[in-house]
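Please read the structure below before turning to the comments.
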Amino acid sequence: MWSETLDARTLETLISAAVAAPSIHNTQPWRFRLDPDTVTLEIRAVADRGLRHIDPTGRALHLSVGCAVLNLRVAVAHFGREPVTRLLPRPDEPDLLATVRFGGPVRTTPFPGLFEALWRRHSSRFPFSDVPVPTAVAAELAEAAHSEGALLRRPGPRATDRLLRLTRDAEHRNTTDADRAAESRRWVHEPTAGSLGMPPATVGPQDFRERVPLRDFGAHRHPSALASRPFETRPSINVLFTAHDRRADWLRAGQALERVLLVATARGLRASLLHQALEWPDLRERLVPPEEDHRAHAQMVIRLGYGPEGPASPRRSAGQALDESVLPLSR
């Protein structure tokens, strides 16, 4: 049985891969537990790392956990086993968002190159160049989303302008809402032993043309410290949609998002996430293009391009993320 060869080092690599996923404000709202009898990893939500004002429904938390699930699937396949995934497997345990069981030998190679990319992927909130994303790469990103049950749309120039205006409106609301602004500020600090939150260096500058509305994470409280630089004149914006808007759809959207980000990383692209408009129900509805007739649900706005890598946010160790009541199977 494979469980006999699942040693401490392999388990640590699997958890570290999952923890490398992006999460809103780098809250890393997950914990893992290994069931050694079934060789299954449980992924549970950590409620006290939820954002009560910014994410009251927990949608962004579910997307974050979905990203971690995709990374875990990639890592399990890398070690030659089939990742058998179930979402929301026990209705009486609402914090149990997913399980990944290590099945038999992997039948195909479903994630070529993505295991290497997951260690290099992180958000870049810095200016990109005006070099466009090649059509072939854009098609590959759309296929990555589709393979996870989501739809990735790259709008034209006028629709892009409209999406950026909605994001600017949301950013203005966030900076004038005392509770939301305070909640963002709490997650920006120098690295601590907990390895949560965002170091100030990762926040990046603002666009002095005010075309690319990146979140300022509370820097508006200190205008003299708010650096500005010119950003790309034609931002490449993509929107991720799902057909439904239930908890399971949020988890699927997170897996689709992470697969898109890993393919983008493998192709040399940088990415940042423009989440602000998704935090206001009326603006989120307006992210759906009129031709969809509100049958789609926006889950993420993604900015892509070529540019600096930017500094990485810290991550908790595998030991910190793994339930301490369960020991590795062998050493």
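Things to note:
- Derived scalar couplings ³J(HN,Hα) [region 159-176; Karplus, 6.51 cos²θ - 1.76 cosθ + 1.60; whole Hz; x for Gly, Pro]: 5, 4, 4, 5, 5, 5, 5, 4, 5, 4, 4, 5, 4, 4, 4, 5, 6, 9
- Note on the chain: with a GNM built from Cα contacts shorter than 10 Å, the maximum mean-square fluctuation among 159, 21, 60 falls on 159.
- Percent carbon-and-sulfur accessible area, the chain, ignoring ligands, DNA and RNA, probe 1.4 Å: 52
- Whole-Hz ³J(HN,Hα) from phi, Karplus 6.51 cos²θ - 1.76 cosθ + 1.60, for region 112-120, glycine and proline x: x, x, 7, 4, 5, 5, 5, 6, 9
- Taking amide H positions as modeled 1.01 Å from N, with prolines and chain starts lacking one, the residues under 5 Å from residue 103 and 5 or more places away or on another chain are 82, 84.
- Phi-derived couplings, Karplus 6.51 cos²θ - 1.76 cosθ + 1.60 at θ = phi - 60°, listed residue by residue for region 95-101: 7, 7, 8, 6, 10, 10, 9 Hz, with x used for Gly and Pro.
- Residues whose placed amide H lies under 5 Å from that of residue 232, excluding near-sequence neighbours: 128
- Residue 244 contributes about 100 Å² of solvent-accessible surface, heavy atoms of the protein only, 1.4 Å probe.
- Trypsin sites (Lys or Arg not before Pro) within region 54-160: DSSP coil, no more than 15 neighbouring Cβ in 10 Å: 107
- Counting only DSSP H runs of at least 4 residues, each contributing -39500 (n - 2.57), and dividing by the residue count of the chain, the helix-based mean residue ellipticity at 222 nm comes to -10500 deg cm²/dmol.
- In Å², nearest 10: area of residue 95 left accessible to a 1.4 Å probe: 50
- Among 170, 142, 182, the residue with the largest mean-square fluctuation in a Gaussian network model of the chain, with springs joining Cα atoms closer than 10 Å, is 182.
- The residues of the chain have, on average, 45 Å² of accessible surface per residue, using a 1.4 Å probe with all protein chains present.
- Taking amide H atoms as placed 1.01 Å from N in the peptide plane, the amide H of residue 188 lies under 5 Å from those of 198, each 5 or more residues away in sequence or on another chain.
- If you model region 3-157 as an ellipsoid using its alpha carbon gyration tensor, with each semi-axis the square root of five times an eigenvalue, the axes come out at 27, 22, 15 Å, biggest first.
- Each of 302, 24 has its accessible area taken with a 1.4 Å probe; listed largest first, they run 24, 302.
- Tilt relative to the chain, helix 8-19 - C-alpha long axis, 0 to 90 degrees, to 10: 20
The values are calculated or read from the model by the stated rules, or taken from the named source; none is laboratory data. Bear in mind that the values here come from a model prediction, so they are computed numbers and not experimental data. Backbone-built Cβ (ideal geometry, glycine too); neighbour counts: all protein chains shown. Areas reflect the complete protein model, heavy atoms only, side chains present, ligands, DNA and RNA absent. Shrake-Rupley method; radii C 1.70, N 1.55, O 1.52, S 1.80 Å.
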